[in-house]
């Protein structure tokens with residue numbers, strides 16, 4: 001084997017079910033049970049047995065790529081920019097949503113430009129990214145995203161100090177409930193059929209409009225369209241969910257091919273901002289919409305109806321698809337339900 005060379009690491013299993021990667025680097029044999037030698041936190045044997053092999057395969061790939069990019073050596077240290085790029089790439093390769101990946105990548109570009117310009121990333125610069133936002137909600141969101149990257153860099157040996165900025169108290173944003181649901185639905189029906197169906201499913205089935213409703217396929221319905229079954233990977237709470245479909249929704253459904261999206265009529269759903277854009281157009285021409293009423297207001301309004309009729313927080317939790325009753329209790333604070341009536345108040349006998 002040439003002096004500077006490496007055999008691709010093989011994944012091996014020891015007699016005691018411990019996995020390791022085995023390879024030869026410049027004529028020397030190595031066995032690695034974790035990624036600590038290359039500054040990686042990956043340790044396959046800390047995972048359940050059924051996941052260890054898959055994690056060991058990840059480790060083999062990480063080790064190989066690291067050594068190839070570092071001139072076939074464990075000892076060569078990356079410069080600041082090289083280490084920054086390596087760690088950021090690793091973080092952004094995690095399974096992130098498109099919007100979250102976009103936010104983190106935008107912040108990473110700002111941090112990298114500062115590193116190239118100044119040779120380091122100061123706490124003042126880190127703080128300035130969040131402090132550009134006057135709105136408390138935007139400030140808190142940006143601060144949280146910045147901290148994700150900074151903490152990851154710090155925990156993986158990059159020379160950087162953590163921000164000490166505190167969270168700001170923000171005004172709770174409520175989706176105002178809708179009193180005249182029927183009239184508003186009729187108004188939407190005239191405006192756009194897809195938006196009308198989305199609003200109906202949001203209200204009648206308590207589905208979240210921009211993800212759960214937008215991504216619905218005909219295969220999510222049972223044969224007579226009386227139930228919708230969604231697996232955990234399609235739900236915010238990651239728990240399987242089955243909801244009944246009211247007759248007034250079934251009456252307008254025209255079943256299509258099993259694997260097609262119910263709105264696009266194709267296998268692919270409409271774009272992420274489709275209903276957001278439609279709602280914005282509808283809002284500009286509607287005389288019925290009130291301040292703070294959104295597509296989500298139909299979900300809130302449906303929740304109010306369920307709670308008023310049943311008085312059951314457990315039923316509300318199941319209907320809303322919340323992960324716990326505590327989430328539903330928090331949710332109820334903004335539902336504008338009168339918890340006390342006059343006859344509930346103390347009397348003088």
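Just so you know, all these numbers are worked out from the coordinates, no wet-lab data involved. The model shown is predicted, which means the values in this text are computed figures rather than measured ones. Because the Cβ atoms are built from the backbone with ideal geometry, glycine has one as well, and the counts that use them run over all protein chains shown.
Compute the Cα gyration tensor for the chain, then decide on rounded, prolate or oblate, letting a ≥ b ≥ c be the square roots of its eigenvalues: rounded whenever a/c is under 1.5, prolate when a/b is larger than b/c in the other cases, and oblate in all that remain. Prolate, because a/c is 1.5 or more and a/b exceeds b/c. Helix 98-118 against the longest principal axis of the chain: what's the angle in degrees, Cα atoms only, rounded to the nearest 10? That helix lies at roughly 40 degrees to the long axis. Between residue 186 and residue 49, the distance separating the two model label sites (each 7 Å from Cα on the Cα→Cβ line) works out to 6.6 nm. Under a 10 Å cutoff between Cα atoms, tell me which one of 66, 296, 139 has the largest fluctuation in the Gaussian network model of the chain. Among 66, 296, 139, the largest GNM mean-square fluctuation belongs to 66. Put the Cα centre of the stretch 102-151 next to the Cα centre of the stretch 1-35 and the gap is 39 Å.
With the simple spin-label model, which puts each label point 7 Å out from Cα in the Cβ direction, the residue 81 to residue 102 separation comes to 2.8 nm. Each stretch of four or more DSSP H residues adds -39500 (n - 2.57); spread over every residue of the chain, this sum gives -14000 deg cm²/dmol at 222 nm. If R0 equals 45 Å, the separation of the Cβ atoms of residue 69 and residue 123 corresponds to a calculated FRET efficiency of about 0.90. Once the Cα atoms of helix 80-92 and of the chain are each reduced to a long axis, what angle between those two axes, in degrees from 0 to 90 to the nearest 10, is obtained? For helix 80-92, the angle is close to 40 degrees.
Rounded to the nearest 10 degrees, the inclination of helix 136-155 to the longest alpha-carbon principal axis of the chain is 20 degrees.
Let me make sure I get this right: for the stretch 80-155, a, b and c are the square roots of the gyration tensor eigenvalues over alpha carbons, sorted descending. Under 1.5 in a/c it's rounded, otherwise prolate if a/b > b/c, else oblate. Which is it?
oblate
In the stretch 181-332, the C-alpha radius of gyration followed by the widest Cα-Cα span (Dmax) gives 15.1, 40 angstrom. Once both labels are positioned 7 Å from their Cα atoms along Cα-to-Cβ, the gap between residue 135 and residue 283 label points is 1.0 nm. Using only alpha carbon pairs under 8 Å that are at least six residues apart, calculate the relative contact order of the stretch 80-155 and give it in whole percent. With pairs under 8 Å counted, the relative contact order is 37 percent.
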